[in-house]
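Engineer: Sharing a structure below in C-alpha cells format, with a few things to ask.
The values are calculated or read from the model by the stated rules, or taken from the named source; none is laboratory data. If you're wondering where the values come from, they're calculated on a predicted model, not measured in any experiment. Methodologically, a virtual Cβ is constructed for each residue, glycine included, from the backbone with ideal geometry; neighbour enumeration extends over all protein chains shown.
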Amino acid sequence: MTTTTSALDVRGAYANYQNADVLHGIDLQVEQGMVTALLGANGAGKTTFLRCVLGLMAVHRGEMSAGSVRVLGQDVSRASAQKRIRAGLAVVPEGRRLFADLTIEQNLRIGASTRRDKETSEDVEKMLERFPALRRPKLQAGYLSGGEQQMLAIGRALMARPKILLLDEPSLGLAPLVVDGVFETIASLAADGIGILLVEQNAERALDASSQAVVLQVGKVVRSGASADLADDPVIQESYLGVAS
Amino acid sequence: MSAVVERPVQRPSRGSGRRRHLGPLLVVAALVVFPFVVSSFWLSVAVFCAIAASGALSLNLLAGYAGQVSVGHAFFIGAGAYVGAYGGQQGWSFPVIVIAAVAIPALVGLLVGPVALRLRELYLAITTLGLVYTGQWLLVAFDGLTGGVSGMATTDLNVFGMDLGVSAYALGLPMTRDVRYYFAALALATIIGFAIFNLARTRPGRAMMAVRDRQVAASVAGVDVTRYKLAAFAISSGMAGATGLLYGSYIGYLVPETFSLELSIAYLAMIIIGGFGSVLGSILGAVLITALPQVLAFLAEYSTFLATDNRADHVAVLLYGSALVLFLLFEPEGLAGIWRRTVSAVRRGRS
Amino acid sequence: MKFEQLLLAGIVLGAIYGLIAMGFAIIYKATKIVHFAHGAMLPLGAYLVYTFAVRWDQPWVIALIGASAICAAINVLMQKVFARRMMGRPLFAAIMITFGFEILLRAGMNLIWKGKERPIGDPWGSSTVSLGGVTTPEASLWILGMAAVCVAAIFAFFRWSNLGVQMLGTASDQEAALMCGVPVQRTFAVAWAIAGVLAVVAGVSASLFPRTLGPELLALGMRAFPAAILGGLDSVGGAVVGGMIIGIVEVMVAGYLSESAIFGANFSAVSGYMIMIVVLMVRPYGLFGRKEVARV
C-alpha cells in the first residue's frame, strides 16, 4: 500500500560495494504507527539497505549508493546522516553499538545530538523511567547485560524523538524471554505512533510482530505483503520459518 | 601507499640487445666522467648527495620495504660517524673501523628493536624519537670520548691501501680528495642499493612488502614477521652506520647537533619524495633534498633576498617540506613513480 | 629550601608539559592521529603573542586571543587536510604528514621571525613573589593559574557540554556516533582547535622565564611527548598527570644531578625520554591509557 504520505518512502535503493552490486533497486514504505518487517538470510542486503536509508555509505571505503529516500515527505536522498536523523529517522544498530566506556546517561545524551531544543534532560529522565533497567545512569554501558543493552540502544535512538525507527536485528544474541521484552517495547513504540522498520533474521517473531513484511534475497525484493499472508505462504514457511514441506 | 614492487626492467623487444643496455651504460659513463668536469663546489655537493643516497637506501629497507616508521636514523648515522672518528683517532685499521661502524649501530638496533616491535607500529616511531634525543645527549655527556658539544675531528679513510685523503694521480687520473670520496660514496651506495634490491626479492622480503601493504595480515604472511622486522631494523641501522662513517670521514669534523630529529625527518622525506620501496626513488629523493639547500645557497649569490638572515636554508626547508606534504597527499609513489610513468609513456609513444 | 624551590619549579614546568600533553591526548583521543608535530605549535604560539604584544603593541589579553585564534585555525586546517585526504591511508603516511607540517611550520617560523630570540612582552616583568617561604617569579603564579583554568575548562567541556560528550562518543565508536547524528567532522575540528589554544598557553608560559622565546621551544614541545606516553596516549587526565611527573623529574634531575660527572648538565632534558622508554618496556599503554592503545 503506497501513499505519498508514507512516513518513510524509499524508491529504487541501489548500493554498490567495491564494484559489486549489493542492492538492485529496492522499494519500501513504512507507515507511522505500523511495524514493517524486512526479512532475509545473511548477506541478503538488509543491513546495507539500512545504511543506505541512513546515508552512511562511505565513498572512501568504495561504497556507492543511489535511490530516493523521503522522510515524512521530505526528500533526504542527498542529505547527510545527521540531517536525515533530524528529519525524523533513528536507528538501533545491529549488535547495539553502544558507547561501552561511556555511562548510560552519556549514551542517551549522545542520542539527542541532532536536537536543538532544551528538553534533552527531561527526555533522559523519561527514558530512565520507561526502561527500569537503565535506572543507574552513571553505570558504564559495557557492564549491562544483553537485554539491558538492547533497551539502552533503543532508548538512545528514541532520544532523537524519531518518527521512524529502524531496528537492525534487535533479537540477536538475546535469550527468548528477553526477546519477548524487546518485542513488547517495539509494539508499544508503534502504539505511540512511531513507524518501525524491523530487520530480523528471526522471521517467525518478526512476522508475528509486524503488519507488513518485505523479503529480501541477494539484494532484490522477492516477496512483500501483509505479514499474516506471508506467514501462511508455504514458500516462506519452508525457507524462513523452518517448516518442513 | 600503493604497492611499489620493483619489477625487472622490461623493454619491448624491438631494437637489438645493445639498445637495451644503452641507457644504464650512459648513466654509468656520466657518473664516472662527472667528477672530472665539474667545479669543486658541485663535486662536493655530489659527494654529499651520494652519501645521502646510502642513508636513504638504508632507511628505505626499514621504512619503504618493511613499512616501519623510524625517526632514529640520525642516531645510527651519528653512531657510525663517531665510531669511525674514534677508531681513526685510535689508529684502527680500515676493516676494523668498518666492522665497528656497522656492527655497533646494528647491535643497538637489535637491542632497541624488541621494545617497540612487539607493540603497535606507532611505537617504533615513539621509541626512536627517544633514541635520537638520548643519542645526542650521550654524544654531549661523554665528552671525553666525543669532544662533547665542540665536537671531534675525523680522519680520512684508507680503503685497502687507497688513501682517500690524498690528492694525487691514480690510474692516470687527477684524483683529488673530493674525487676519491666521490667514488667511495658511489661504491657504498651501489653496494647498499644492490643488497636492498636483492633482499626485497627474497621470500621474507616479498612477505614483508605484502604485510606493509596490508594485502595480507601478518599472521598469514608465512614468515615470522616480528623477527624479520627486527632483522630489517638491525640491517638498516648497520648500513646507516656505514653511511655515517663515510660522512664523518669526508666532512672532517663532527658535532652532535648534526644528528638531530631534523636529520631523521629529512631522510624520511627523501624516501617519500623519492618513492617508497624503490631503489631509484631513494637515490632521487636523496639527491633532491641534499642538493636543494646547496642550489639555493648558490642562488643566494645572486639574490639579496635569499642571502639575508639565512633565508636560503629556510627556503630550502620550506620547499622540501612542501614537496613532502604534496607528494604524500597526491603522489604516493614519489619521483620514482613519476619517472616510471614518464618512461612508459615515452615508450608507448615510440611504439 | 632547595627541595621546595625545585619542587615548585618542577610543578610549573609540569603544568606546561601537562598543557602540551593534554592537547596531544585530545587530538589522539578524538581523531586517532598521533600529531608528532604538536610541539611545533609552541614556538609558533609564542612568536604570535610576541608579534601582537610587542611588535604591534596590543594589550596582553588581545595578544593571547589573537594568537590562540590563529593557532586554532592552523590546527583546524591541518585536520581538514587529514580528513579529506588521509582517510584509510596507512599509519606511515599519517605520521609523515604530521612531520611534513612540522617542517613547514618550522621553516615558516624561521622565515618570518628569522629564528631570533624575542621578548615575550608579558606584564609581570621580573617581579617575584614569596610563596610559602619560596621565592618565585610572579609569572609562575600566572602559569599555574592559567593551567588550572585550562584543565578545569577541558574537564567541564567533556563533562557538561553536548559537543564534549559527542566527542567522547566519536572516540568510542565513530560509526555508532554517526548513526546517532553526531557531527563527527565538527568534533574533529574542535578537538584540533582546542589543542591549538592549549599550545599557545603552553608556549607563552614556557617563554616567561627566561623572558625570551626562540626556536628551542620546539625541543621543549617535543619533551612533552613522554608525558603523553606516560599518561596513556588516549587519556586526557593522564596527560596532565604525566606532564606533572615529567616536569618535576626534569627539574629535580637538573637540580641534583647536574653536577655529577656521569649525567652532566643536559641529562634533565633526556630524563623524560628515559622514563618514556621504561614505560614502553613495562606498561606501554601508560598509567591511564587503555590496553588496546598499545598492544597489537
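Engineer: Filter region C:275-285 down to residues that are facing chain B (nearest Cβ under 7 Å) and assigned to a helix (DSSP H, G or I) and give me whichever is nearest to residue B:122 (Cα to Cα).
Structural biologist: Among those that are facing chain B (nearest Cβ under 7 Å) and assigned to a helix (DSSP H, G or I), it is C:280.
Table: residues versus (1) free of Cβ contacts under 8 Å to residues at least 12 places away in the same chain; (2) assigned to a helix (DSSP H, G or I); (3) in contact with an Asp or Glu (Cβ under 6 Å, 6 or more places away or on another chain); (4) surrounded by fewer than 21 Cβ atoms within 10 Å (Cβ to Cβ).
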residue: C:29; (1), (2), (3), (4): no, yes, yes, no
residue: C:39; (1), (2), (3), (4): no, yes, no, no
residue: C:47; (1), (2), (3), (4): no, yes, no, no
residue: C:53; (1), (2), (3), (4): no, yes, no, no
residue: C:61; (1), (2), (3), (4): yes, yes, no, yes
residue: C:67; (1), (2), (3), (4): no, yes, no, no
residue: C:70; (1), (2), (3), (4): no, yes, no, yes
residue: C:73; (1), (2), (3), (4): no, yes, no, yes
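Engineer: For region A:117-141, which residues satisfy the criterion of being basic (Lys, Arg), without any contact (Cβ under 8 Å) to a residue 12 or more places away in the chain and part of a helix (DSSP H, G or I)?
Structural biologist: Step one: of region A:117-141, the residues basic (Lys, Arg) are A:118, A:126, A:130, A:135-136, A:138.
Cutting the leftovers down to without any contact (Cβ under 8 Å) to a residue 12 or more places away in the chain gives us A:118, A:126, A:135.
Of everything in region A:117-141, just one residue is basic (Lys, Arg), without any contact (Cβ under 8 Å) to a residue 12 or more places away in the chain and part of a helix (DSSP H, G or I), namely A:126.
Engineer: Select, from A:95, A:111, the only residue that is facing chain C (nearest Cβ under 10 Å), out of contact with any Ser or Thr (no Cβ under 7 Å at 6 or more places or on another chain) and on the phi > 0 side of the Ramachandran plot.
Structural biologist: Details: A:111 fails: on the phi > 0 side of the Ramachandran plot.
Matching residue, one of A:95, A:111: A:95.
Engineer: In addition: Modelled with pLDDT of 85 or more, surrounded by 18 or more Cβ atoms within 10 Å (Cβ to Cβ) and either touching an Asp or Glu at 6+ places or on another chain (Cβ under 7 Å) or farther than 30 Å from residue C:172 by Cβ (or both): does that describe residue C:241?
Structural biologist: Details: modelled with pLDDT of 85 or more: yes; surrounded by 18 or more Cβ atoms within 10 Å (Cβ to Cβ): yes; either touching an Asp or Glu at 6+ places or on another chain (Cβ under 7 Å) or farther than 30 Å from residue C:172 by Cβ (or both): no.
Judged against the criteria, residue C:241 is not a match.
Engineer: Let me ask something additional. In region B:275-302, how many residues are in a loop (DSSP other than H, G, I, E, B) and within 14 Å of another protein chain (Cβ to nearest Cβ)?
Structural biologist: Of the residues in region B:275-302, 3 are in a loop (DSSP other than H, G, I, E, B) and within 14 Å of another protein chain (Cβ to nearest Cβ).
Engineer: Pick from region B:59-70 the residues that are more than 8 Å from chain C (Cβ to nearest Cβ) and over 18 Å from residue B:110 (Cβ atoms): which of them is modelled with the highest pLDDT?
Structural biologist: B:60
Engineer: Have a look at B:148, B:91 and point out the one that is over 30 Å from residue B:37 (Cβ atoms) and surrounded by fewer than 16 Cβ atoms within 10 Å (Cβ to Cβ). So that I can check it myself, show each step before the final result.
Structural biologist: Working: B:148 fails: surrounded by fewer than 16 Cβ atoms within 10 Å (Cβ to Cβ).
Only one candidate passes the filter, namely B:91.
Engineer: Can I ask one more? Which is surrounded by 23 or more Cβ atoms within 10 Å (Cβ to Cβ), in contact with a His (Cβ under 8 Å, 6 or more places away or on another chain) and at negative phi, of C:177, C:195?
Structural biologist: Numbers: C:177 fails: in contact with a His (Cβ under 8 Å, 6 or more places away or on another chain).
Being surrounded by 23 or more Cβ atoms within 10 Å (Cβ to Cβ), in contact with a His (Cβ under 8 Å, 6 or more places away or on another chain) and at negative phi holds for just one of C:177, C:195, which is C:195.
Engineer: Hey, another quick one. If I ask for residues that are more than 7 Å from chain C (Cβ to nearest Cβ), surrounded by 24 or more Cβ atoms within 10 Å (Cβ to Cβ) and assigned to a strand (DSSP E or B), which ones from region A:73-92 would you list?
Structural biologist: Hits for region A:73-92 are A:89, A:90, A:92.
Engineer: Let me ask you something else. Taking region C:103-114, which residues are within 14 Å of residue C:213 (Cα to Cα) and either polar (S, T, N, Q) or over 21 Å from the mean Cα position of the chain (by Cα) (or both)?
Structural biologist: Passing the criteria: C:110, C:113, C:114.
Engineer: I've got another one for you. When you check residue B:225 against the structure, is it within 14 Å of chain C (Cβ to nearest Cβ), without any contact (Cβ under 8 Å) to a residue 40 or more places away in the chain and of a type in the set (A, V, I, L, M, F, W, C), yes or no? Reasoning before the result, please.
Structural biologist: Working: within 14 Å of chain C (Cβ to nearest Cβ): yes; without any contact (Cβ under 8 Å) to a residue 40 or more places away in the chain: yes; of a type in the set (A, V, I, L, M, F, W, C): yes.
Here the answer is yes, as residue B:225 does meet what is asked.
Engineer: So, of the residues in region B:103-133 that are of a type in the set (Val, Ile, Thr) and surrounded by fewer than 23 Cβ atoms within 10 Å (Cβ to Cβ), which turns out to be modelled with the lowest pLDDT? Please lay out each step first, then the result.
Structural biologist: Taking region B:103-133 as the starting set, the residues that turn out to be of a type in the set (Val, Ile, Thr) are B:104, B:108, B:112, B:115, B:126-128, B:132.
Keeping just the survivors that are surrounded by fewer than 23 Cβ atoms within 10 Å (Cβ to Cβ) gives B:104, B:108, B:115.
Numbers: B:104: 96, B:108: 94, B:115: 79.
Within region B:103-133, the match that is modelled with the lowest pLDDT is B:115.
Engineer: Here is a follow-up. Within region B:117-131, which residues are at the interface with chain C (Cβ under 7 Å from one of its Cβ atoms) and either under 12 Å from residue C:226 (Cα atoms) or in a helix (DSSP H, G or I) (or both)?
Structural biologist: Residues satisfying the conditions are B:122, B:123, B:125, B:126, B:127, B:129, B:130.
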